[in-house]
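Presented below is the structure to which this report refers.
The values are calculated or read from the model by the stated rules, or taken from the named source; none is laboratory data. Worth saying up front: this structure is predicted, and the values here are computed from it rather than measured. Methodologically, a virtual Cβ is constructed for each residue, glycine included, from the backbone with ideal geometry; neighbour enumeration extends over all protein chains shown. Protein only, heavy atoms only, side chains kept; ligands, DNA and RNA dropped before computing areas. Shrake-Rupley method; radii C 1.70, N 1.55, O 1.52, S 1.80 Å.
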There are 4 protein chains.
Amino acid sequence: MTPQDPDFSHVKAFVLDVDGVLTDGRLYCFNDGQQVRAFNIKDGYAIRNALNKGYLVAVITAKDEESVRMRLAQLGIQDVYVGAENKLHVLHHYLTTKVLDAKTVLYMGDDIPDREAMQVAGMSACPADAADDILLIASYRCFNNGGEGAVREVIEKVMKAQGNW
Amino acid sequence: MTPQDPDFSHVKAFVLDVDGVLTDGRLYCFNDGQQVRAFNIKDGYAIRNALNKGYLVAVITAKDEESVRMRLAQLGIQDVYVGAENKLHVLHHYLTTKVLDAKTVLYMGDDIPDREAMQVAGMSACPADAADDILLIASYRCFNNGGEGAVREVIEKVMKAQGNW
Amino acid sequence: MTPQDPDFSHVKAFVLDVDGVLTDGRLYCFNDGQQVRAFNIKDGYAIRNALNKGYLVAVITAKDEESVRMRLAQLGIQDVYVGAENKLHVLHHYLTTKVLDAKTVLYMGDDIPDREAMQVAGMSACPADAADDILLIASYRCFNNGGEGAVREVIEKVMKAQGNW
Amino acid sequence: MTPQDPDFSHVKAFVLDVDGVLTDGRLYCFNDGQQVRAFNIKDGYAIRNALNKGYLVAVITAKDEESVRMRLAQLGIQDVYVGAENKLHVLHHYLTTKVLDAKTVLYMGDDIPDREAMQVAGMSACPADAADDILLIASYRCFNNGGEGAVREVIEKVMKAQGNW
């Protein structure tokens with residue numbers, strides 16, 4: 001933990017947005033309607049490492065695309081909420097289902113649909129290129145952009161702070 | 001509105017170019033002739049927000065590709081002009097159809113085919129990586145590049161200046 | 001022409017490499033063997049403008065992929081040499097066929113297979129991210145990287161120097 | 001060899017990771033399950049040059065995707081180890097098979113699964129955007145990122161140091 005880092009010692013669960021957090025926010029649009037996203041291999045390593053060490057990892061996204069589900073399944077993430085119109089409601093549902101205290105949850109988002117959920121979670125983080133309104137409220141601002149290692153940065157920092165990396 | 005911003009208070013409609021504005025100008029070329037573009041999720045949020053708050057949003061592009069139409073439809077943009085050889089003519093047609101005063105229109109372009117339309121519109125904006133000839137004439141130069149949040153930046157600034165964001 | 005620019009006044013023809021010059025050098029590899037490249041819309045505008053004003057534009061590439069031929073055809077480039085194992089030989093053939101003086105040709109490349117041809121042409125240019133051995137010999141080094149406007153930069157500079165832009 | 005470079009004079013073989021080294025770590029995820037990667041044309045030139053001059057080049061990757069095999073085959077790399085769960089074991093197997101002294105091997109990786117193999121090899125290198133734990137142990141840190149010329153940089157430096165470029 002460097003001096004400017006917040007206290008990551010209570011985090012037990014990571015809740016992640018997809019577009020702009022696990023990706024750089026680009027949607028590659030094909031004529032068959034498919035929207036392709038680029039996921040980052042280093043984020044993937046961190047997520048697998050966190051799951052292996054007993055952390056919870058969930059994903060909440062407004063979209064629903066088969067490729068996203070497949071990538072998240074490949075990483076071992078079981079708690080995947082797609083088509084989430086209200087992310088705060090989904091977060092509450094997740095907390096209840098897992099009997100989790102919001103204080104132990106770090107929510108990572110990049111834009112206004114994530115804002116309320118970020119304020120309910122005990123901690124929040126955002127990529128360096130998050131929307132201005134999100135940069136203002138996040139407990140931790142990444143040095144890395146979305147899809148370029150922001151998720152890796154947060155998970156690695158939390159796990160190192162807790163001696164689990 | 002920061003000190004260096006122009007007066008955005010009259011803008012009621014956004015007219016946007018596609019390549020280099022809503023995208024980073026890359027055309028991913030496939031062997032079946034398909035040209036794939038990457039749209040930006042934060043631009044998308046801003047466009048939806050603008051439409052929800054009653055702003056008009058139109059797109060004028062020289063190209064015509066199914067994937068572009070699908071993405072724009074997904075965002076709720078109904079006024080989409082494809083295959084536009086002369087963007088100024090299309091802009092005039094749009095103003096007439098919508099009974100819009102050019103003073104209330106912000107046109108966002110990045111290259112020479114956009115120049116005349118940018119000069120007719122009441123305001124103009126361009127991405128940070130626009131062509132030199134466009135950087136010289138735009139009322140507002142974005143901090144962000146095309147496809148990396150330039151459209152988001154402009155819409156957010158206008159709506160915040162008007163207290164609608 | 002800015003003070004540091006070379007004398008572009010003799011250029012009548014542009015000979016361009018593909019990978020790393022018209023693209024950023026990325027090859028997106030698919031399971032069917034297809035290798036997708038991203039071309040830049042602003043480069044495309046400059047090429048069309050040059051052809052319209054009577055400049056010659058040719059492309060020499062070691063590869064041969066249908067998607068590349070289609071993009072170059074879309075831009076109106078008729079002199080396309082694919083599968084070129086020796087670019088210098090192809091350049092000589094091109095000069096002979098078109099009855100062109102090498103002094104009037106600007107060759108743009110980014111790596112060692114382009115070196116000899118760059119030294120034979122009257123002028124040479126390279127993207128900012130060209131290989132070190134190429135940066136050392138180019139008559140003009142772009143501010144822009146390959147696939148990010150380097151070709152546009154060179155063509156625009158030449159045409160502006162000649163009052164044709 | 002610049003002053004800060006390590007002694008590259010013993011390197012006879014390059015062992016490379018794929019994701020984050022030969023690519024920028026992005027996995028473009030499609031609905032059919034395909035994960036597309038972008039390889040770099042300048043890395044490719046350097047690999048072909050090294051093979052032509054008698055260097056050994058091997059690739060060890062945890063993944064197994066047809067597109068990766070095809071790209072590596074196109075470059076002439078015959079020693080390709082896919083689905084490698086333990087890269088150190090695979091490296092030992094490679095050394096034994098080729099009767100290679102570990103001192104003559106440069107291993108290039110970017111993340112923790114590469115760490116042990118990097119420590120066994122005589123030299124190690126990593127892209128500028130490697131994981132922090134890897135940046136700390138690499139004999140040579142590239143100026144370039146993975147997929148943006150890091151492999152080219154290392155191979156070119158080694159071959160130039162040995163007068164073979």
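For B:21-27, what's the mean count of beta carbons from other chains sitting within 10 Å of each residue's beta carbon?
Details: counts 1, 0, 4, 5, 12, 12, 9.
Partner Cβ neighbours, averaged per residue: 6.
Counting only other chains, and only Cβ atoms inside 10 Å, what mean value do you get across the residues of B:41-52?
Shielding by partners across B:41-52 averages 4.
So what is the orientation-averaged projected area of the stretch B:12-53, using the convex hull of its C-alpha atoms, in nm²?
Across all orientations, the stretch B:12-53 yields a mean hull projection of 3.6 nm².
Rounded to the nearest 100 Å², what is the buried accessible area between D and C, both sides summed, probe 1.4 Å?
On the way: alone 8300 and 8320 Å², together 14740 Å².
Between D and C, the summed buried area is about 1900 Å².
If you rotate chain C onto chain A, whose Cβ in C ends up lying nearest the axis, and how many Å away is it?
Residue nearest the C-to-A axis, with distance in whole Å: C:TYR28, 5.
Regarding the stretch C:87-165, what whole-number volume in Å³ per residue does the convex hull of its Cα atoms give? Each step should come with its number before you reach the end.
On the way: hull volume 7.1 nm³, N = 79.
Taking only Cα atoms, the stretch C:87-165 has a hull volume of 90 Å³ per residue.
If the viscosity is 1.306 mPa s and the temperature 10 °C, what translational diffusion coefficient in µm²/s does Stokes-Einstein give for the stretch D:79-120 when Rh comes from Kirkwood over Cα pairs?
149 µm²/s
Can you list the HN-Hα couplings for the stretch D:4-18, worked out from phi with the Karplus curve (6.51, -1.76, 1.60; θ = phi - 60°), rounded to whole Hz and with x for Gly and Pro?
7, 6, x, 7, 8, 5, 9, 6, 10, 9, 10, 10, 10, 7, 9
Give me the inter-chain shielding for C:65-74: mean count of other chain Cβ atoms within 10 Å, whole number please.
Numbers: counts 3, 5, 8, 2, 2, 7, 4, 1, 0, 4.
What the average comes to for C:65-74 is 4.
Explain nothing, just compute: Karplus ³J(HN,Hα) = 6.51 cos²θ - 1.76 cosθ + 1.60, θ = phi - 60°, for every residue of the stretch B:127-139 in order, whole Hz, x for Gly and Pro.
My calculation for the stretch B:127-139 gives x, 4, 9, 5, 4, 3, 5, 8, 4, 5, 10, 5, 5 Hz in order.
Rounded, prolate or oblate, given the Cα gyration tensor of the stretch C:34-131, with a/c below 1.5 counting as rounded?
Numbers: a/c = 1.38, a/b = 1.16, b/c = 1.19.
Rounded shape, in that the Cα axes give a/c under 1.5.
Tell me which residues come under 5 Å, amide H to amide H, from D:ALA58 once H is placed; ignore anything under 5 positions away on its chain.
Long-range HN contacts for D:ALA58: D:PHE14, D:VAL15, D:LEU16.
Using the Karplus curve 6.51 cos²θ - 1.76 cosθ + 1.60 with θ = phi - 60°, what ³J(HN,Hα) values do you get for each residue of the stretch D:93-105, in whole Hz, with x for Gly and Pro?
With coefficients 6.51, -1.76 and 1.60, one gets 4, 5, 4, 5, 4, 8, 6, 10, 7, 3, 4, 8, 9 Hz.
What FRET efficiency do you get for D:ALA102 and A:ASP32 if R0 is 56 Å and r is their Cβ-Cβ distance, rounded to the nearest 0.05?
It comes out at approximately 0.70.
Counting Lys and Arg as +1 and Asp and Glu as -1, each charge on the Cβ, what is the dipole of chain D about the Cα centre in debye, to the nearest 20?
The calculated dipole for chain D is roughly 680 debye.
When DSSP assigns beta bridges and you keep just the ones with both residues in chain C, what percent turn out antiparallel, to the nearest 5?
10 percent
For the protein assembly as shown, how big is the tail of P(r) above 40 Å, as a whole percent of Cα pairs?
34 percent
Taking the Cα centre of each part, how many Å lie between the stretch D:45-105 and the stretch B:62-104?
Taking the Cα centre of each part, the stretch D:45-105 and the stretch B:62-104 sit 52 Å apart.
How far is it, in nm, from the label point at A:GLU116 to the one at B:LEU136 when both lie 7 Å from their Cα along the line to the Cβ?
5.0 nm
Quick one: with label points 7 Å out along Cα→Cβ, list the inter-copy distances for B:LEU136 in nm, shortest first?
Distances to the matching label points in the other copies: 3.8, 3.8, 5.4 nm.
What gaps in nm, shortest first, separate A:LYS53 from its twins in the other copies when you place the label 7 Å past Cα toward the beta carbon?
4.2, 4.2, 5.9
Shortest first and in nm with one decimal, please list how far the C:GLN74 label point sits from its counterparts in the other copies (point 7 Å along Cα→Cβ).
1.9, 1.9, 2.7
Counting pairs of Cα atoms in chain D, how many percent are more than 27 Å apart? Mind showing how you got there, number by number?
Working: 1982 of 13530 pairs.
Roughly 15 percent, rounded to a whole number.
Take the residue pairs C:LYS87/D:LYS160; D:LYS12/D:LYS98; A:LYS157/B:LYS42; A:LYS63/B:LYS63 and return only those whose Cα atoms are more than 19 Å apart.
On the way: C:LYS87/D:LYS160 24 Å; D:LYS12/D:LYS98 12 Å; A:LYS157/B:LYS42 26 Å; A:LYS63/B:LYS63 27 Å.
Beyond 19 Å: C:LYS87/D:LYS160; A:LYS157/B:LYS42; A:LYS63/B:LYS63.
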